[in-house]
Amino acid sequence: MGSKHSTLSETDCKTIIKRFPVFNHLEIERLYERFKQLDKDKKGFLDEEDLFALPEFAMNPLSGIVLDYLVSYACPCDAVGDGTVTVKGNPNTKREIDFLCFCSLFAVFHVNTPVDKKVEFVYKAVSKATPEGLLQVLSAMVGDHLEEDQLRGIASRLHAQLDRDCDGTVSLFDFKLSVERICQTMSIDHVKV
């Protein structure tokens, strides 16, 4: 699964649907077609070059942060697939996403995925909403337009707003209370992907 570039077998589809029951057969086929389009070199996996070839991804100031998180989020599906896990700081480790990991990413944004799973995904993506994690995201978003002390102030205030129980940390519960309404709209129409 993901190692060949021809067609997806019925067994592969059933395996994916069993692992990610939010998908139907047609959605799996469409995702596989999109995966093959992105994998221009027919390697059987997507790498950094494939993703940065997408103008929408390359232009996003958060693309590096997003890529790091997506790979670390998607590829623990090694138990079933053949994903390669990224280890930060190790220059010998490649950032690769096979088809099963690709499905794992899109499953999070499926319309049938419970909102709490989407919130958990976002929570993990912002480094558990620590001031440092928020600062990293804000820095990537605004670039050189604000001084670091201004960014630290914004990150600190944002962290204080997210910390609903005022215990100094933003728990998953705090985060859910703050962003649940936003995450209800985090869905992708997989038939159109």
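Across region 63-70, coupling constants 3J(HN,Hα) worked out from phi with the 6.51/-1.76/1.60 Karplus curve, θ = phi - 60°, read 4, x, 5, 4, 4, 4, 6, 4 Hz, and Gly and Pro carry x. Counting only heavy atoms of the protein chains and using a 1.4 Å probe, Thr169 has close to 80 Å² of accessible surface. Ordering Ser63, Ser9 by accessible surface, largest first, gives Ser9, Ser63; the 1.4 Å probe counts only protein heavy atoms, with every chain in place. Rolled with a 1.4 Å probe across the full set of protein chains, the surface gives Ser156 an accessible area near 70 Å².
Derived scalar couplings between HN and Hα for region 20-25 equal 10, x, 6, 8, 10, 4 Hz in order, rounded to whole Hz, by the Karplus curve 6.51 cos²θ - 1.76 cosθ + 1.60 (θ = phi - 60°), x for Gly and Pro.
If you rank Cys103, Cys166 by how much accessible surface each has, with a 1.4 Å probe, what is the order from largest down? Write down the numbers at each step before the final one.
Details: Cys103 0, Cys166 115 Å².
Largest accessible area first, the list is Cys166, Cys103.
The values are calculated or read from the model by the stated rules, or taken from the named source; none is laboratory data. Predicted model, so just to flag it, every value in this text is computed and none were measured. Areas reflect the complete protein model, heavy atoms only, side chains present, ligands, DNA and RNA absent. Shrake-Rupley method; radii C 1.70, N 1.55, O 1.52, S 1.80 Å.
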